[in-house]
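The values are calculated or read from the model by the stated rules, or taken from the named source; none is laboratory data. All values derive from a computational prediction rather than experimental measurement. Heads up, the Cβs are rebuilt from the backbone with ideal geometry, glycines too, and the neighbour counts pull from every protein chain shown. Note: areas computed on protein heavy atoms with side chains; ligands, DNA, RNA excluded. Shrake-Rupley method; radii C 1.70, N 1.55, O 1.52, S 1.80 Å.
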Amino acid sequence: MPERNLISWNSMLAGYSRAGLAHDALRVLREMHECGERLEEATMVIGLSVCASSGALRMGECIHGYLEKNLCNCMEKNSSNTMVNNLNCSMDGDLNYLGVSSKVSLRDSGSFDRSLALRNALVDMYAKCGDIMRAFSVFERMPDRNVISWTAMISGFALHGMGEKALSIFSRMQEVGVRPNAITFTGVLRACSHVGLVNEGMHFFNVMSRNYHIKPGLEHYGCMVDLFGRAGMLEYAFKLVETMPIEPDNVILRSLISSCRAYGYLELGEKVAKHLIELEPKDEGVHVLLSNIFAKAKRWVNVRKVRKAMKDNGIMKTPGCSWIELKDGIHEFLQGDQRHPQSRAIYEMLEDMMKQMRLRGYIPNTSDVWLNIHEEEKETALSVHCEKLAVAFGLVSTRRKTPIRVMKNLRMCSDCHCVLKAASKIYDREIIMRDRTRFHHFKDGYCSCKDYW
Ligand code: ZN
Ligand code: ZN
């Protein structure tokens, strides 16, 4: 286009964000800024949500800085509601990570309070980018808060495994008389499940329908099944699934299966997995779980059968991908990735990491490697996991003592968890890692999840 206006830029930005192309969305935002285009509130809300979903903290901080400088103007400016309406669709996809529903307020464009929406987006962005204390400080300084603000803070603490803090925010919310909604309860229940607060979880599950007349949905049942399953209370989990009034979805059944695997109820897990495969023959996750169950039972023939079935049905295992944001943008790593220009330094760092670990008596945990390959090969496959590569890159390319923040699209494996714990001590670095479901803060050889994840 020979000329672009705010609408052209925003359309591109919203389009990329809707398509889940965070890097491109952030590039548009950067270009927009460089071209001297004024970033208005709608742009910044989308920008913040893209940062939140991709974990781009630096970019989020830039937007925050810009906001602090320009917030007054933003609030006074009478911008058209069309942009706000345009936001609806783009937000749906971006905030699905925790289901924080900024979209609820955006839909209600008539009473749209721009400054409040922006502050909510900031809380959400800092929480999802791993800086939970900054999220909390933005939250504490908010002149007023709506249900979305409270929910974002509760879900944020839940995401970081800070269950008690989440619950204390929830009780403050009730004290000031803000009525929680279904999403708030998802946050509360998730907070309980991440730290194993079984009694509290059961209590709030009841409170939700009894006191607030909110019918539990799939999300809530999912949290409860997860809560029981993680705590090893498989009977409760199964009973809940059998008695729930709505049909359990894949997510719930998969959570049951992985609890069965974790606690060694392999036959039971196998049964549920086969049932789910009948219902959803194309579900990638359940195939991987079933194969993991067989691998745990060392039934390699069955492992191969599952892999063959996946291949025959055209089901691909989603490749693990980790990324880290530095000054110059986002660097992405796949398993065994050697495409990075600094690949050599990264692998040397990795080598050093492994050497230091071995000196400290580390034995690689190969139980999560789902292939039937030779133990030694398994160790090599483990050592080049994408999150290890991203952390190694962080170690070689950032200054000493600065925290390393890494994001991953899948759940972290137990070996990486163990290695990153040790690395935080060996290299005296705080490592903050977001995987598919939550954050792990590694420091001095320990993880904030206390190995309950
Ligand atoms: Zn791993
Ligand atoms: Zn952890």
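Couple of notes before you dig in:
- Cα Rg over Rh - region 301-453, Kirkwood: 0.98
- Point-to-point label distance, GLU3-LYS327, nm (Cα→Cβ direction, 7 Å offset): 3.8 nm
- Measuring against 23 Å, Cα to Cα, the residue pairs LYS282/LYS308; LYS388/LYS443; LYS298/LYS408 contain LYS298/LYS408 as the ones spanning a longer distance.
- Evaluating 6.51 cos²θ - 1.76 cosθ + 1.60 at θ = phi - 60° for every residue in region 165-182, the Karplus couplings come out as 5, 4, 5, 6, 5, 4, 6, 4, 4, 5, 4, 7, x, 8, 7, x, 10, 4 Hz, glycine and proline recorded as x.
- Calculated FRET efficiency for the pair ASP444/ASN181, C-beta based, R₀ 41 Å, to 0.05: 0.60
- Taking each DSSP H run with n ≥ 4 as -39500 (n - 2.57) and averaging over every residue of the chain yields -20000 deg cm²/dmol at 222 nm.
- Packing-based ranking, highest mean first, of 307-318, 180-191 given that Cβ atoms within 10 Å are counted: 180-191, 307-318
- Computed over all pairs of different Cα atoms, the Kirkwood value for the hydrodynamic radius of region 123-177 is 10.9 Å.
- Debye intensity ratio I(q)/I(0), log10, the chain, q values 0.09, 0.10, 0.11, 0.14 Å⁻¹ (C-alpha model): -0.63, -0.78, -0.95, -1.44
- Relative contact order [Cα under 8 Å, 6+ residues apart], region 154-220, whole percent: 33 percent
- Inter-probe distance in nm under a simple model that places probes 7 Å from Cα toward Cβ, at LYS298 and LEU279: 3.4 nm
- Inter-probe distance in nm under a simple model that places probes 7 Å from Cα toward Cβ, at ASP249 and ARG30: 3.4 nm
- Stretch gain in nm, segment THR398-LYS239, where the contour uses 0.36 nm per residue and the Cα spacing is subtracted: 52.3 nm
- Taking a ≥ b ≥ c as the square roots of the eigenvalues of the alpha-carbon gyration tensor, region 200-348 is classed oblate because a/c is 1.5 or more while a/b is no larger than b/c.
- Relative contact order of region 165-318, defined on C-alpha pairs under 8 angstrom at six or more residues apart (%): 14 percent
- Region 115-254, relative contact order [Cα under 8 Å, separation at least 6], %: 17 percent
- Computed from backbone phi, the HN-Hα couplings of region 38-44 come to 6, 7, 9, 4, 4, 4, 6 Hz, rounded to whole numbers (Karplus: 6.51 cos²θ - 1.76 cosθ + 1.60, θ = phi - 60°; Gly and Pro given as x).
- Each principal axis of the Cα atoms in region 250-317 has its own extent, and those three values, largest first, are 30, 26, 17 angstrom.
- Radius, Kirkwood style, for region 380-453 when every pair of distinct Cα atoms is counted (Å): 12.0 Å
- Extension gain for TYR263 to GLN356 (0.36 nm times residue separation, less C-alpha to C-alpha distance): 30.3 nm.
- Where LYS305, LYS296 fall by accessible area, highest first, once all protein chains stay in place (1.4 Å): LYS305, LYS296
- Accessible surface comparison of ARG358, ARG38, probe 1.4 Å, protein chains only, largest first: the order is ARG358, ARG38.
- Scalar couplings 3J(HN,Hα) for region 211-222, obtained by applying the Karplus form with A = 6.51, B = -1.76, C = 1.60 to θ = phi - 60°, are 8, 10, 6, 9, 6, x, x, 3, 4, 5, 4, x Hz; x denotes Gly and Pro.
- For the chain, DSSP calls about 80 percent of its internal beta bridges antiparallel.
- Distant-in-sequence amide H partners of CYS321 (H built 1.01 Å from N, under 5 Å): ASN409, LEU410
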